[in-house]
1. Residue by residue through segment 107-113, which ³J(HN,Hα) values in whole Hz follow from phi under the Karplus form 6.51 cos²θ - 1.76 cosθ + 1.60 (θ = phi - 60°), with glycine and proline marked x?
2. Between (1) 7, 27, 30, 19, 12, 5, 1, 0; (2) 7, 21, 28, 24, 12, 5, 2, 1, 0; (3) 7, 28, 33, 19, 10, 3, 0, which matches P(r) over Cα pairs in 10 Å bins from 0, in percent calculated for the structure shown?
3. By how many nm would the segment from PHE67 to TYR214 lengthen if fully extended, with 0.36 nm per residue of separation less the alpha-carbon distance?
4. What percentage of the solvent-accessible surface of segment 168-243, computed with a 1.4 Å probe over protein heavy atoms, is contributed by carbon and sulfur atoms?
5. Could you look at segment 39-164 and say what percent of its accessible area is carbon and sulfur, using a 1.4 Å probe and all protein chains?
6. Just to check I understand the Karplus step: with θ = phi - 60° and J = 6.51 cos²θ - 1.76 cosθ + 1.60, what whole-Hz values come out for segment 124-132, glycine and proline as x?
7. Cut-off 10 angstrom, C-alpha nodes, Gaussian network model of the chain. Which of GLY98, GLY54, GLY189 fluctuates the most?
8. Just to be sure I understand: with springs between alpha-carbon atoms less than 10 Å apart, which residue in SER61, SER114, SER155 has the highest mean-square fluctuation in the Gaussian network model of the chain?
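The values are calculated or read from the model by the stated rules, or taken from the named source; none is laboratory data. Since we're looking at a predicted model, the values are computed, not measured. Ideal geometry is used to build each Cβ from the backbone, glycine not excepted, and the neighbour counts take in all protein chains shown. These area figures cover heavy atoms from the full protein model, side chains too; ligands, DNA and RNA do not enter into them. Shrake-Rupley method; radii C 1.70, N 1.55, O 1.52, S 1.80 Å.
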Amino acid sequence: MSTKKMSSAIGDLESSGIESTVEAVYVYEAPVRLWHWVNAGAITVLALTGYFIGSPLPSMSGEASDFYVMGYIRFFHFVAAYVFAIGMIGRVYWAFVGNGHAKQLFVPPLFQISWWKEVLHELRWYAFLEKEPKKYVGHNPMASLFMFLMFVTGSIFMIFTGFALYAEGQGMDSWWYTAFAGWLIPLFGQSQDVHTWHHLGMWFILTFVMIHIYAAIREDVMSRQSLVSTMINGWRTWKDDRR
């Protein structure tokens, strides 16, 4: 039986907690992989430009239009924000039309006791209290939990607060203001409060990014399956043939 046939035979199975002894499984489809890397670039630009928007560079003497440094910083921030938001919409769409693994980011089985037992096992593995990790076709339960709680919820928060601040520049008679700022800014109190929470949200997302990169590299080295290469070519491969 070929690798592709083996992968297609189990491709529609639930990705949480499934152990596998097949040679390789096609897990992440091209749109998911493209979104992952474009999203990583957008977050990088957003974090760099957002930091300087919150903590501007020292003022320069002369006419502002001769330099326009903050203008360019804001422009790239807005462009990256559009890429980030549109990418998230596309990713939600692909969760409905993609394979079973495409849904895992948004719908972790939070109400399954067996899944939480797997989360505990992974927690012990990350804490070096387990001698050997388990095999998972998709995300391991710990990764799935953190991506949902930190990345998905954090991204939604940043999109709404970011566009609320953007809407202020579009004017109170704009649809932007009606859709975002008109109800969200009073919810936080005032515009500066939204700025503060949006800035804190950046550090929340960056904390997730650091954990994500560390865990990906660590698991690529120490786990029983491929990780980084899987997000490049889509295929999950195994380092041993044991269950």
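1. With the stated coefficients, segment 107-113 comes to 10, x, x, 5, 9, 9, 4 Hz.
2. (1)
3. Working: separation 147, 0.36 × 147 = 52.92 nm, distance 3.86 nm.
Value of the extension gain: 49.1 nm.
4. 67
5. C and S fraction of accessible area: 73 percent.
6. Taking θ as phi minus 60°, the curve returns 5, 5, 5, 8, 6, 9, 10, 6, 8 Hz for segment 124-132.
7. Evaluated over the chain, the most mobile residue of the options is GLY189.
8. Highest fluctuation among the options: SER61.
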